[in-house]
Structures are given as C-alpha cells and as structure tokens.
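Please read the structure below before turning to the comments.
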Amino acid sequence: MQFKSLVFLHLFSLQCLSYICLVQSHDFFFVVQMWPGSYCDTKRVSCCYRAAGKPTDFTIHGLWPHFNNNSIPQDCNRKNPFNKAKVSDLTTKLEKTWPTFKCGRKSSSAKFWSHEWTKHGTCSEDVLDQHAYFKAALNIKDKVNLLEILKNAGIQPDGKFYKLDDIKEAIKAGTGYNPVIECNTDASGNIQLYQVYLCVDSAGSSLIECPVTLKRDTSIELPML
Ligand SMILES: *[C@@H]1O[C@H](CO)[C@@H](O)[C@H](O)[C@H]1NC(C)=O
C-alpha cells in the first residue's frame, strides 16, 4: 500500500513537472536601458520631464520576457491590469529610474508602467507578480550601472564619437556579459547610442549571456554620439 502510493506520488509529480515545462511562459528576459539624450534629440520626439526632473543616467525602458526561439510573448493577460497601489512602495524609485518623457497632460509615468506591465509583464506573471516584476527591474538597474561602466572605460556622454566595439567591450568588461546595442539617429543624422539590452534569467534575478541574437545589433558599426 505504501509502495503503491509512493509510485502514484512519483508519477503525479512527473506529470506536474512536464506540465510546467509545457506552459513555460518565457525562457529569459531582456532588460532594456535607454539613454534619455538619444531618445529626446531625434527629429520625431520632444521630451518632457516630470517630478524627478531631467535624468542624469540611463533609464529603464522595460523588462521583456522572451523565448529562446526568438519569439516575444505579448499581452498575455488582459485580466490582470496594472494596479498602481501594488507598487506604491516603489513609486519614488520608479519615477526616477523608469520615467516617461512623453509630453502632454494625459501622459504619465504610471501610464508607461501600465503599458509595460500589460504588454510584457503579464507574460511572466507566473514567475513575477506585479510588485516582483517592477522590483526585479529596479534590482537589475541597481546592479548594472551602465553610465559608471562606460565612464570607467573613458566613454562619457559628451557629444563626442566613440567606436561601437569599444562601447560593447566596456559593457562586457563591466557586467561580464555581451550587450546588444540599439542605435538611432539625432536630428542631424548622427548615429548615436540609444538602448542597451542585456539578458536576465527566467526568474528575473541574474544576468545571463543572451541565448539569442537580435537583428538590430548588426551593421551599425559606425561612430556614435
Ligand atoms: C516559440 O516557443 C514558444 C514556447 O515554447 C511557443 O509557444 C511559440 O509558439 C514558439 N514560437 C515560434 C514562432 O516557434
């Protein structure tokens, strides 16, 4: 009798494990930090600053669940909308490190967080609930000080041009992992550093080497702002 129930228990747990494997919501995350100066100096955008003022550092764009097959889950649970009350203890920090720069009375950083949660966060809600999701992004931001890493390599936000490879190497040396760099162009057409992508394990806690490559990383080997 005891033996039978043990076998049953064993089979049951195996089934649970394979079930969990089948419904895995994501394989890893991209954590994306952006350089506000490069968001704001393009032709298309004008920027407005909120309570926390003009940023002096990279800001968070998002924490995006991703699959190893390079597909991106999105909008996974409309029934779990963003609830500001759930992150009330993080709001001051979020205002500073995850702000919106959109102008207009109707836009707010909370709207940006809501967009990010609905589009991306709900796709990893089995691992990170709303509070844990935003906390995970803030924790990674605390650990990965891109501005300091670049400054230590002699790369300053001074409007001068740097080699893309030097920027990548500095970030690799400072974090231990290869970044993906996204560039954009300023109003005069100069190619500049816009966003830095790093990969984070499926629990949202530690940096990992990116399991996939992104197309945006190729063929931008040009001087940058
Ligand atoms: C990628 O993998 C996920 C998880 O296994 C799956 O749900 C999705 O359909 C796959 N997408 C493609 C394009 O193969």
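In table form, for the structure just shown:
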quantity	calculated
32 Å Cα-Cα threshold exceeded, pairs from Lys79/Lys172; Lys86/Lys172; Lys84/Lys160; Lys119/Lys143; Lys54/Lys79; Lys119/Lys163	Lys79/Lys172; Lys86/Lys172; Lys84/Lys160; Lys54/Lys79; Lys119/Lys163
Where labels lie 7 Å past Cα in the beta-carbon direction, separation of Val212 and Leu147 in nm	3.1
Size descriptor, Kirkwood hydrodynamic radius, that averages inverse alpha-carbon separations across the stretch 113-204, Å	15.0
Chymotrypsin sites (Phe, Trp or Tyr not before Pro) restricted to DSSP loop in the stretch 98-166 with at most 15 other C-beta within 10 Å	Phe161
Net length gained if the chain between Ala203 and Thr91 were fully extended (0.36 nm per residue, minus Cα distance)	38.1 nm
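We did not get these values from a lab; they are worked out from the coordinates using the rules stated. Quantities reported herein were computed from a predicted structural model and do not represent experimental measurements. Because the Cβ atoms are built from the backbone with ideal geometry, glycine has one as well, and the counts that use them run over all protein chains shown.
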